[in-house]
Amino acid sequence: MKSQFKDKFLWGGAVAANQLEGAWLEDGKGPNVSDVVVGIHKDGRYPALKWNATTNKWEISLDKNKVYLTHDGIDFYHRYKEDLGYMAEMGFNAFRTSISWSRIFPTGLEDIPNEAGLKFYDDLFDEMIRLGMEPVITLSHYETPLQLLIETGGWTDKGTIERWMKYVNVVFNRYKTKVKYWMTFNEINNIYRMPFAAGGILDINPIDKNEPVANLSQKSINQAIHYIFIANALTVKLCREINPDAKIGCMLSFSSCATYPNTTNPIDVMGTLQYRHQNLFFSDVMSNGEYPGYMLRQWRENDSMPEMVQEELDIIKAYTVDHIALSYYRSAVYSADASMTHDTGGAAGVKNPYLKSSPLPWAWPIDPVGLRYVLNELTDRYHKPLFIVENGIGLDEVQGPDMIDDQDRIQYIQDHLVQVNEAIADGCDVIGYLYWGPIDVVSAGTGEMRKRYGFVYVDRFNDGMGTLERRTKKSFEYYKNIIKSNGEHLFKSQ
Ligand code: BG6
């Protein structure tokens, strides 16, 4: 098989503002949801929010014995020129990052945007363009302004649609000559599992003040989802009005789309289908413009149907996305007898005996064929272009005197891209591949630096120490050769 990647294929990498920018309160930025959820301490994640009984409000309360790695990230805010330089050296023609909403509207409630925040992204996008990279921009990647949640509850409040539209209106107008590729809400299908960070919903229980507790009813989460669907459709509409040449997609975590039945027992097969529906439902609405019958039935029977009126349904129907952007890390196996667990990589069910896993401690199954399966499945379902905006492997690496030899990463990329190539040959219209975490960033799932995805190593550790010096790994050269050859290098022996 020869390379099937078309000439203008978008090659590059993807990151998110909250995982690498740092400067969490600089130049007027307000705190966002990720700023308070992730912190490393010996017991794991720690929400830096405390209930103030005098004001009757949630307040940020940082524990000085804990390290909040996202607050400084990898200092991309000040070092982005150096970092983009590495990306340019690999030949990237596209780079995905997010705009941190609370840099633009620090509380999410203002009328006037923060000029310093807008200026930062102006400079960042200019630099990408200067280096030959198409900015691919996520409007919301676990970055809802914290104050918006505290004051209004976030997306459970209908008024959030208006506040969101104010934000997107400002950024669409400001960057209309710079940004052509947009996506709305990162992995919004994680909302049930992570209502606070992924959903932008205040789900903290003021009675039990220690940990975020999902104390919201199913109906109120569904209501928030309905508002997000309206916001998604209005965003697509506005994007087209402001720049008819722009392309806008939804973004979903589609590892779970590759969920296989554990046995041929029809109970497992039907259960797998229903499990997959829980994720595909989001793109069914945002791409097809209609609520699918399977979800309406579930909501009716659970008594969790959100309020919706015909005018809103008409908006959702009229403005569907141009393409489907997706993350894919691994597949899962469903069994009616076992429960499914989840993390940022997607679902995890029964162990698949046919697959190897990434090294400990994360040990995510590695299933390149699953990516081809997902791309075919989405093509059959939506008949739209597909944009792979996350795929990668997290490894525990420590820089010594020699260059890091990350053979596992090289193999992972080769195997997955060979399957992307197969999917293109199958007829899938794949417009780009953006590797997740081309430079080491703070992990979304564990809040660690130790979980490294990069082709570029960053000298920073879980305890917050490190020089922040950057060093390339062996995979840097490998990915560079793939891009340079537009995929031909995949078929050369390493
Ligand atoms: C995706 C997220 O779910 O997975 C990213 O969009 C995240 O933000 C990535 O970093 C990998 O997950 P993790 O937990 O290994 O950082």
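The values are calculated or read from the model by the stated rules, or taken from the named source; none is laboratory data. Since this is a predicted model, take the numbers as computed values, not measurements. Every residue, glycine as well, gets a Cβ built from its backbone with ideal geometry; the counts of neighbours run over all protein chains shown.
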Considering residues that are among the basic types (Lys, Arg) and either crowded, with 18+ Cβ neighbours inside 10 Å or under 17 Å from Gln411 (Cα atoms) (or both), the number found within the stretch 345-383 is 2
For Ile404: the one exception among (1) more than 16 Å from the ligand (Cβ to nearest atom); (2) surrounded by 23 or more Cβ atoms within 10 Å (Cβ to Cβ); (3) among the hydrophobic types (A, V, I, L, M, F, W, C): (2)
Counting only residues that are within 19 Å of Gly12 (Cβ to Cβ) and either among the polar types (S, T, N, Q) or more than 13 Å from the ligand (Cβ to nearest atom) (or both), the stretch 448-467 contains a total of 4
Check the stretch 171-185 and report whether any residue there is modelled with pLDDT of 95 or more, surrounded by 22 or more Cβ atoms within 10 Å (Cβ to Cβ), under 24 Å from Leu296 (Cα atoms) and within 16 Å of the ligand (Cβ to nearest atom). yes
Examine the stretch 340-362 for a residue that is assigned to a helix (DSSP H, G or I) and modelled with pLDDT under 95, and state whether such a residue exists. no
In the set Ser102, Ser34, the lone residue that is at negative phi, in a helix (DSSP H, G or I), modelled with pLDDT under 95 and touching a helix residue (DSSP H, G or I) at 6+ places or on another chain (Cβ under 9 Å) is Ser34
Hey, can you tell me all the residues within the stretch 259-303 that are within 20 Å of Ile191 (Cβ to Cβ) and not in a helix (DSSP H, G or I)? Thr259, Gly289, Glu290, Tyr291, Pro292, Asp303
Does at least one position in the stretch 191-200 carry a residue that is outside any loop (DSSP other than H, G, I, E, B) and either of a type outside the set (A, V, I, L, M) or more than 16 Å from the ligand (Cβ to nearest atom) (or both)? no
Specify the residue that is surrounded by the fewest Cβ atoms within 10 Å (Cβ to Cβ); the eligible residues are those in the stretch 271-301 that are of a type in the set (Gly, Ala, Ser) and more than 24 Å from Ile248 (Cβ to Cβ). Gly293
If I ask for residues that are surrounded by fewer than 18 Cβ atoms within 10 Å (Cβ to Cβ) and hydrophobic (A, V, I, L, M, F, W, C), which ones from the stretch 328-339 would you list? Ala336, Ala338
Can Arg470 be described as surrounded by 14 or more Cβ atoms within 10 Å (Cβ to Cβ) and within 16 Å of the ligand (Cβ to nearest atom)? no
Selection over the stretch 407-442 where residues are surrounded by fewer than 17 Cβ atoms within 10 Å (Cβ to Cβ), within 19 Å of His489 (Cα to Cα) and either within 16 Å of the ligand (Cβ to nearest atom) or not aliphatic (A, V, I, L, M) (or both) yields a count of 3
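Here's the yes/no breakdown for (1) assigned to a loop (DSSP other than H, G, I, E, B); (2) more than 30 Å from Gly159 (Cα to Cα):
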| position | (1), (2) |
| --- | --- |
| Gln19 | no, no |
| Thr55 | yes, no |
| Asn65 | yes, yes |
| Thr70 | no, no |
Would you point out which residue out of Gly445, Gly394 is surrounded by fewer than 20 Cβ atoms within 10 Å (Cβ to Cβ), within 16 Å of the ligand (Cβ to nearest atom) and either closer than 24 Å to Tyr80 by Cα or of a type in the set (D, E, K, R) (or both)? Gly445
Take the conditions in a strand (DSSP E or B), touching a Leu at 6+ places or on another chain (Cβ under 9 Å) and not β-branched (Val, Ile, Thr) and apply them to Trp51. Does it pass? no
Counting only residues that are in contact (Cβ under 8 Å) with a residue 24 or more places away in the chain and acidic (Asp, Glu), how many does the stretch 160-203 have? 1
When the residues of the stretch 141-155 are filtered to those that are part of a loop (DSSP other than H, G, I, E, B) and crowded, with 24+ Cβ neighbours inside 10 Å, which remaining residue is nearest to the chain's Cα centre (by Cα)? His141
Over the stretch 346-379, the set of residues without any contact (Cβ under 8 Å) to a residue 60 or more places away in the chain, touching a Leu at 6+ places or on another chain (Cβ under 9 Å) and within 15 Å of the ligand (Cβ to nearest atom) is Ser358, Pro359, Pro365, Ile366
Only residues that are out of contact with any helix residue (DSSP H, G or I) (no Cβ under 9 Å at 6 or more places or on another chain) and either over 19 Å from Ser339 (Cβ atoms) or within 16 Å of the ligand (Cβ to nearest atom) (or both): list them for the stretch 252-274, please. Thr264, Pro266
Just checking, how many residues over the stretch 318-339 are in contact with a strand residue (DSSP E or B) (Cβ under 7 Å, 6 or more places away or on another chain), more than 16 Å from the ligand (Cβ to nearest atom) and either free of Cβ contacts under 8 Å to residues at least 24 places away in the same chain or in a loop (DSSP other than H, G, I, E, B) (or both)? 2
Restricting attention to the stretch 128-166, and to residues there that are closer than 16 Å to Ser102 by Cα and of a type in the set (Ser, Thr, Tyr), which single residue is modelled with the lowest pLDDT? Thr152
Please note which strands (runs of 3 or more DSSP E) are completely contained in the stretch 380-494 and include at least 2 residues that are in contact (Cβ under 8 Å) with a residue 24 or more places away in the chain and among the hydrophobic types (A, V, I, L, M, F, W, C). 386-390, 430-436, 456-458
